[in-house]
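In what follows, a single structure is set out as structure tokens and then discussed.
Just so it is clear, none of the values below were taken in a lab; they were calculated from the coordinates. All of these numbers come straight from a predicted model, not from anything done at the bench. Every residue, glycine as well, gets a Cβ built from its backbone with ideal geometry; the counts of neighbours run over all protein chains shown.
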């Protein structure tokens, strides 16, 4: 019996014997463990490419991500050029505030996507509604900001025609969830170009942003070059090194 027949037979008996009734409770753990192994391997293979990396940092502080932003923005002169900045998951607006404060170009445009009512689904130990601003926008006074309220799945497609993707584009992924991260990346793919930037805010979470990243780069003709990391790879910056798409804008 050849290998393919053996695999088919094993799968058939696996289903027939209803193994899920015995081991089903381990499914989420096994998926998490699998992606944690993939994440560890990815880091080992790519850490040498990073220009900025604080690993190993025994005192992870989320707000320290601005050190990575600042180092990268200074290196690439992002504080003065015209940028098209899209943030998915705004929360209290700390990262959005940093970018609007530090990019002084009056032609830059900032798009702030969020429900502003907290998480739409459970995320690890965080319950639905965590990070809610009760539907209010963060208090950031900058006329260049366009606040977009609602689920990304409900608002992104309708907003895309209003966005000028000819500008240098920075995508800031901070929606936490696998579903929202993968959706946003897939919808934006046709509009991205070489040299654009993608920032992940919880990259090191195996079952969410990392899993979405892994599925995205395996599904599309795109090469993301890692540039920098902070907080033990929690925040990651990538630059699009290669991309083959047919833009529809």
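Of the peptides 43-56, 225-238, 73-86, the order by per-residue mean of other Cβ atoms within 10 Å, starting with the highest, comes out as 225-238, 73-86, 43-56.
Wrap a convex hull around the Cα atoms of region 45-185, take a quarter of its surface area, and give that in square nanometres.
Spelled out: convex hull of the Cα atoms, projected over all directions, averaged, 9.8 nm².
Rounded, prolate or oblate: which one fits region 1-49, using the alpha carbon gyration tensor with axes a ≥ b ≥ c (rounded when a/c is under 1.5, else prolate when a/b beats b/c, else oblate)? Oblate shape, in that a/c is at least 1.5 and b/c is the bigger or equal ratio. Sorted largest first, the spans of the alpha carbon positions of region 1-103 along the three principal axes are 65, 33, 32 Å.
Indicate, rounded to the nearest 5 percent, the antiparallel portion of the DSSP beta bridges found entirely in the chain. Taking every DSSP beta bridge within the chain, about 35 percent pair in antiparallel fashion. Helix-only arithmetic for the chain: the sum of -39500 (n - 2.57) across DSSP H runs with n ≥ 4, divided by the residue total, places the mean residue ellipticity at 222 nm at -10500 deg cm²/dmol.
DSSP finds beta bridges in region 106-249, and of those with both partners inside it, around 60 percent are antiparallel. Residues 180, 219, 95, 141 in ascending order of nearby Cβ atoms (within 10 Å, fewest first): 141, 219, 95, 180.
Size descriptors for region 132-249 (Cα atoms only): Rg and Dmax, in that order, 14.5, 40 Å.
At q = 0.09 Å⁻¹, what base-10 log of I(q)/I(0) does the Debye formula yield for the chain when every alpha carbon is treated as an equal point scatterer in vacuo? Debye intensities relative to I(0), on a log10 scale: -0.44.
Counting every other Cβ atom within 10 Å of each residue's Cβ, 208, 20, 172 order from fewest to most as 20, 208, 172. By how many degrees, between 0 and 90 and to the nearest 10, does the Cα long axis of helix 178-188 differ from the longest principal axis of the chain? Tilt of helix 178-188: around 60 degrees.
Provide 144, 16 in ascending order of the number of other Cβ atoms located within 10 Å of each residue's Cβ, fewest first. Display every interim value, and only then the final one.
Numbers: 144 15, 16 8.
The fewest-first ordering by Cβ neighbours comes to 16, 144.
Give me the angle, in degrees from 0 to 90, between the Cα long axis of helix 27-46 and the longest principal axis of the Cα atoms of the chain, rounded to the nearest 10. So the inclination is approximately 60 degrees.
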